[in-house]
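J.: Below: one structure in structure tokens.
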Amino acid sequence: METPEILPRKRLRASGFADHEVRRMLGTGELSPIRRGRYLRGALPENREARHLLRARAASAELTGDAVLSHVSAALLHGLTVWGVPLDLVHVTRPGRTGGRRGTRLHVHTAPLREDDVVDVGGARTTSVARTVADLARTVAFEAAVVVADSALFGEYARRAELEAALESMARWPGAPVARRVLAFADERADGPGESRSRVAMARNGIPAPQLQWEVRSERGEWIATVDFAWPERRTVAEFDGEIKYGRLLRPGQTAGDVLFAEKRREDAVRDRRWGVVRWCWDDIPDFPTVAARLRRSFDRPV
């Protein structure tokens, strides 16, 4: 995705635009303010993550000393999937132990920064993927942290050993015990936030940990389907149904209806092998006890 150009006021002035012309363009929507003295041509993107990235890049250009983008701002800059983390403030980390502050636009953290904790992403100094995941795992809710950690592992942005090393370097920091739980729970096979959140919901509702990306095969070993979750010993599989997931399955010339029909045929083939099939969607995750009951009924059915 192409990064929109951020226009500093001094560049506009150098191009001959007086302050009153800048104010006029802001009034007409030709320019949109990102932060004080920095603008975007046209309207701001509707996507909250994209807006945060613009603010983060604008803030990065003004950072001094050894300060770097960090936490959720770094996660988005690296391309990690983020869910359930507030995006109202840009997060920055400065080396040190005191002096952190939270303002109306910027959350400044203070913490030691090793040389390998800092990388350059498109001209912006930011914490590495491993350090970013570790920082979020220490400071956000467990479910949100698992989404980020799964994303880093599934997308091969970082190896598990790198995440473990980052956590080891902050073993006595606040939140480190929770962060270790997050990493122990993280799974490189979890494809997207729906699957990550579903795994957390299963654990909270006493559902045994499933196999992920399980291949259902015929008696002759022929592939029938790859499912999100499976409990082979209970002859049960499960699928998280998300709109984004079905969008990924679209092939050239296919419609959403074509994909749904193919999914139905695939499910019928799985059921023909005497596997129980349970499905849920985004709206079901907050009310997961209902889904858990359906899973248990499938576990207990005679096969």
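J.: From the P(r) of the stretch 93-171, can you give the percent of Cα pairs sitting at distances over 20 Å?
T.: Above the 20 Å cut-off, the stretch 93-171 has 35 percent of its Cα pairs.
J.: By how many degrees, between 0 and 90 and to the nearest 10, does the Cα long axis of helix 193-204 differ from the longest principal axis of the chain?
T.: 60
J.: If you look at just the Cα atoms of the stretch 1-44, how large are its Rg and its Dmax in Å?
T.: 10.0, 33
J.: Average projected area of the Cα convex hull of the stretch 46-187, in nm²?
T.: Working: hull surface 31.6 nm².
It is 7.9 nm².
J.: Roughly how many nanometres apart are two label points built 7 Å out from the Cα toward the Cβ at THR98 and ARG294?
T.: 5.6
J.: Within 10 Å of each candidate Cβ there may be at most 14 other Cβ atoms; applying that plus a DSSP loop requirement, which GluC sites (Glu not before Pro) in the stretch 134-214 survive? Please list the in-between numbers first.
T.: On the way: sites: GLU143, GLU156, GLU162, GLU164, GLU168, GLU188, GLU195; in loops: GLU156, GLU188.
Those that pass, being in a loop and sparsely packed, are GLU156.
J.: Here is a further query. Determine how many Å³ per residue the convex hull of the Cα atoms of the chain encloses. List each step's numbers first, then the result.
T.: Working: hull volume 52.2 nm³, N = 303.
Taking the convex hull of the Cα positions in the chain, it is 172 Å³ per residue.
J.: Kindly put THR93, THR98 in sequence by how many other C-beta atoms sit within 10 Å of each C-beta, fewest to most.
T.: Details: THR93 28, THR98 5.
Fewest-to-most Cβ neighbours within 10 Å comes out as THR98, THR93.
J.: Let me ask something else about it. On a 0 to 90° scale, report how tilted helix 288-300 is relative to the longest principal axis of the chain, with both axes built from alpha carbons and the result rounded to the nearest 10.
T.: 30
J.: Filter the trypsin sites (Lys or Arg not before Pro) in the stretch 97-144 down to the DSSP loop ones having no more than 13 other Cβ atoms within 10 Å, then list what survives.
T.: On the way: sites: ARG97, ARG101, ARG102, ARG105, ARG114, ARG125, ARG131, ARG138; in loops: ARG97, ARG105, ARG114.
Taking the stretch 97-144 and a limit of 13 other Cβ atoms within 10 Å, the loop trypsin sites (Lys or Arg not before Pro) found are ARG97, ARG105, ARG114.
Every number here is computed from the coordinates shown, using simple stated rules; none is lab data. A quick note: this is a predicted structure, and the numbers were derived from the prediction, not measured. Here the Cβ is made from the backbone with ideal geometry for all residues, glycine too, and neighbour counts use every protein chain on show.
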